[in-house]
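The values are calculated or read from the model by the stated rules, or taken from the named source; none is laboratory data. Quick caveat: nothing in here was measured; it's all calculated off a predicted structure. In this analysis, Cβ positions are derived from the backbone assuming ideal geometry, glycine residues included, and neighbour counts consider all displayed protein chains. We work out accessible area using only protein heavy atoms, side chains counted, and drop any ligands, DNA or RNA first. Shrake-Rupley method; radii C 1.70, N 1.55, O 1.52, S 1.80 Å.
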Amino acid sequence: MADYKFHILVCGGTGCQSSNSHEIMEALKQNVADAGMAEDCKVLMTGCFGFCEQGPIVKMLPDNTFYTSVKPEDAAEIVAEHIVKGRKVQRLLYVDPENEEHVSDAKHMEFYKKQMRIALRNCGFIDPENIDEYIARDGYAALAKCLTEMTPEEVIEEMKKSGLRGRGGAGFPTGLKWQFARGYKSDVKYVVCNADEGDPGAFMDRSILEGDPNSVIEAMAICGYAIGAKYGRVYIRAEYPLAIDRLSIAINQAREYGLLGDNILGTDFCFDIELMFGAGAFVCGEETALIHSMEGQRGEPTTKPPFPAESGFWNQPTNVNNVETWANVPVIFLKGADWFRSIGTEKSPGTKVFALAGKINNVGLIEVPMGTTLREVIYEIGGGIKNGKKFKAVQTGGPSGGCLTEKDLDTPIDFDNLVAKGSMMGSGGMIVMDEDDCMPAVAKFYLEFTQEESCGKCTPCRVGTTRLSELLTDITNGKGTLQHLEELKRLSEVIRDTALCGLGQTAPNPVLSTLRTFEDEYIAHVTEKTCPAGKCQALLKYEIIADACKGCTLCARNCPVGAISGTVKNPHVIDQSKCIKCGVCMNNCRFNAIVRH
Amino acid sequence: MGCNENGADREKYAELDQFIASLPTTKGELIRVLHRAQGIFGYLPKEVQVYVAKKLDLPVSKVYGVVSFYSFFTMKPKGKYDVSVCLGTACYVRGADKILEALTKKLGIGVGDTTEDAKFSLRTLRCVGACGLAPVVMINNKVYGRVTPDMVEGIIAECE
């Protein structure tokens, strides 16, 4: 790596690849070669930089210049100016929205200032398809340290001391989980990586696998050593082809280097990893369901105990951790448990990766120390609400979580605080909503999701989520009553208390949390039959302002159901009983004479 | 009409046979085999499911149970252009429902259906991980980002 004077890093995350980052990389390579600089300048594709909002991103090293919204045709100018003449291409630099200044060094960007990258340490920095680059960043040094300097018990002790909690959502202490798996005696044990990221709006696991697959492989091997397992399995969504490719390449390279396989690093330890593909079922994120799916069955959960640590894949002791949890493990052994504990909060040490999306200026993938407040995340890193709208709520924890509002903005984010506020950490999806989002409609959106994804094994979840979804459909269609709200509450509590697995137990959370914080909005839907956010189409009303109407007849001619009547040059009227609220009249009116409320 | 009538199908079955034979064990490999079968045939009609059941020595009911459980498996043939609308939360709050509405109108088919000329099929999916480009439409493997209902016409025309 040190042979090159310049490195041009092109983001190869899914968002940027969708915006032609491959073509950009090819164009850059061509231009570098044409300029005769191929020996001095290396062009490579890395994992996600996180700043998806202004992708495709191209980063220049060593000066850390950050070019945004790059197009393939910009390649010639980047090479001719930046590489050959040493001048930055001003028009491609990130512009600070506060003072409209061009930011020349990425570390001065508001987006990155409050971030701390541990799990994402290599994403957007190394070529994920080249194991040498991972090794150059101390890769596999943690595995070497564990195998040669520590006993399995010491490895587990260190994990326990670090306080790392499962990043998949529930926050169970990782070290303790490993200890349980070690405690059960068996010749065959399994280490499983849960890469079945199904939470709609979360893409951190995908980004880690695409940007730094070796960190997951190394961590799984460390766990294999600690619990006494020879077999590793990565259960990954078939919908993530790029992550599958990169992971396969990394596994093969690790095998070639003797970092997977028999007698790793000359020790007695043997460990290898195989990929298994999911087929699209949200419930498979639950570990017992995931294990059934790995066995080629329907992904239905079973009651715990027995926990997978005792009886998991093919009834053998199995330890399942999520991708982001794995990505934290090698660093803990390199820098020590004490270092890790010094970051974050007392009960939730370390950092958390969030997929920041929705009505926010800087959509992207961020990593912050636990204890950072929602306000810092949304307003400083996220750059505030899109189009200057008013913040309404932030949804965390996906379909299992809840909505947090203005009054929760100064809450330090950690596992326990979010639960106390009626939401949860979940896998780290963070969806920001503004004044135009209707909360009963959001709850309905999530319930439709869980209803569809319910595996159908237990009645509370199978039937209960369907009933909840029906109640919410009535409410958003203007057919709800106050009894609907009572029933929503009662049924939600029953499902929460009686469903078999985490999916069912948490399915009512979006309803309960919005009902608690936005009760007024629900009441407006059922008593006044209005949608304060103006989102629920069935509750909208279109009216013609008589004074403004010129009687041009355009609206009446365009109305698909003939609900508008009137004569030429006289004000028209909408028959509310016929109106289907399609809005065509309003879109066609040239005199702004039609209002919606 | 059966799926195993002509020569092209015979070749496909041979390819599937070869894949199954290459597995060290068939125990627990049903999902892996179905992934491959869908890759070969494009979808999993009844005949293919019966065939897989026989090859793996499993009841057909079990194969059907797995096929119908997972959203990735489909029993209907997809169109030449497989149009998927992301309904992940990020896309939803940025108006994915309006895009879906525009697409059903334009193509004249519902979600999960294929046009009569087998050119287009329409599906929804949950999060492709390109939330920065929300709302997102995927046609085969190409991602269209920041889609508005007005763009639907052009996107479909591009395929035709």
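Brief remarks follow.
- Charging the Cβ of each Asp and Glu at -1 and of each Lys and Arg at +1, and nothing else, the dipole of the stretch A:425-572 about its Cα centre rounds to 480 debye.
- Distant-in-sequence amide contacts of A:G166, defined by a placed amide H-H separation under 5 Å and a gap of 5 or more residues or a different chain, comprise A:G171, A:F172, A:T174.
- Cross-link table B:K12/B:K62; B:K27/B:K78; A:K529/A:K550; A:K29/A:K71; A:K189/A:K352, entries beyond 20 Å C-alpha to C-alpha: B:K12/B:K62; B:K27/B:K78; A:K529/A:K550; A:K189/A:K352
- Using a cutoff of 8 angstrom between alpha carbon atoms and counting only pairs six or more residues apart, the relative contact order for chain A works out to 11 percent.
- HN-Hα J in Hz across the stretch A:151-166 - Karplus 6.51, -1.76, 1.60, θ = phi - 60°, x for Gly and Pro: 7, x, 4, 5, 4, 5, 4, 4, 4, 5, 5, 5, x, 4, 10, x
- Under 5 Å from the amide H of A:V43 lie the amide H atoms of A:I8, each residue being 5 or more positions distant or on a separate chain, with H modelled from the backbone and absent for Pro and chain starts.
- Protein heavy-atom accessible surface, 1.4 Å probe, per residue over the stretch A:136-289: 32 Å².
- Centroid-to-centroid separation of the stretch A:354-415 and the stretch B:135-160 [C-alpha atoms, Å]: 29 Å
- Charge sum, other residues only, whose C-beta stays under 11 Å from B:K119's C-beta, Lys/Arg counted +1 and Asp/Glu -1: -2
- Karplus 3J(HN,Hα) series, Hz, for the stretch A:532-546 with 6.51 cos²θ - 1.76 cosθ + 1.60 (x for Gly, Pro): x, 7, x, 9, 6, 4, 5, 9, 7, 9, 9, 9, 9, 7, 4
- Averaged per residue, chain B has 48 square angstrom of accessible surface, using a 1.4 angstrom probe with ligands and nucleic acids left out.
- Cross-link pairs beyond the 21 Å C-alpha cut-off, checked among A:K392/A:K535; A:K85/A:K107; A:K113/A:K161; A:K359/B:K98: A:K85/A:K107; A:K113/A:K161
- Burial of 20 Å² or greater, the stretch A:169-213 residues [accessible area, probe 1.4 Å, versus chain by itself]: A:P200, A:G201, A:F203, A:R206
- The stretch B:81-159, accessible surface, carbon-and-sulfur percent (1.4 angstrom probe): 52 percent
- Above 13 Å, the calculated P(r) of the stretch A:239-284 contains 62 percent of its Cα-Cα pairs.
- Projected label distance in nm at A:E346 and A:T466, using a 7 Å step from Cα toward the beta-carbon: 4.9 nm
- For the residue pairs A:K160/A:K335; A:K347/A:K489; B:K46/B:K142; A:K479/B:K76, alpha carbon separations beyond 25 Å are given by A:K347/A:K489; B:K46/B:K142; A:K479/B:K76.
- Across the stretch A:1-113, the relative contact order, built from alpha-carbon pairs under 8 Å that are at least six residues apart, equals 27 percent.
- For chain A, the fraction of 1.4 Å probe accessible surface lying on carbon and sulfur atoms is 49 percent.
- From its DSSP helices (H runs of at least four residues, each -39,500 (n - 2.57)), chain A gives a residue-normalised ellipticity at 222 nm of -10000 deg cm²/dmol.
- Buried on assembly, the stretch A:235-261 (at least 20 Å² less accessible surface than by itself, 1.4 Å probe): A:R237, A:A238, A:E239
- Close amide-amide hydrogen proximity is noted between A:G358 and A:V432, each under 5 Å apart and 5 or more residues distant or on a separate chain (H modeled in the peptide plane; Pro and chain starts excluded).
- Relative contact order (%) - the stretch A:131-340, alpha-carbon pairs under 8 angstrom, separation at least six: 30 percent
- A versus B: buried accessible surface, summed, Å² (probe 1.4 Å, to nearest 100): 3400 Å²
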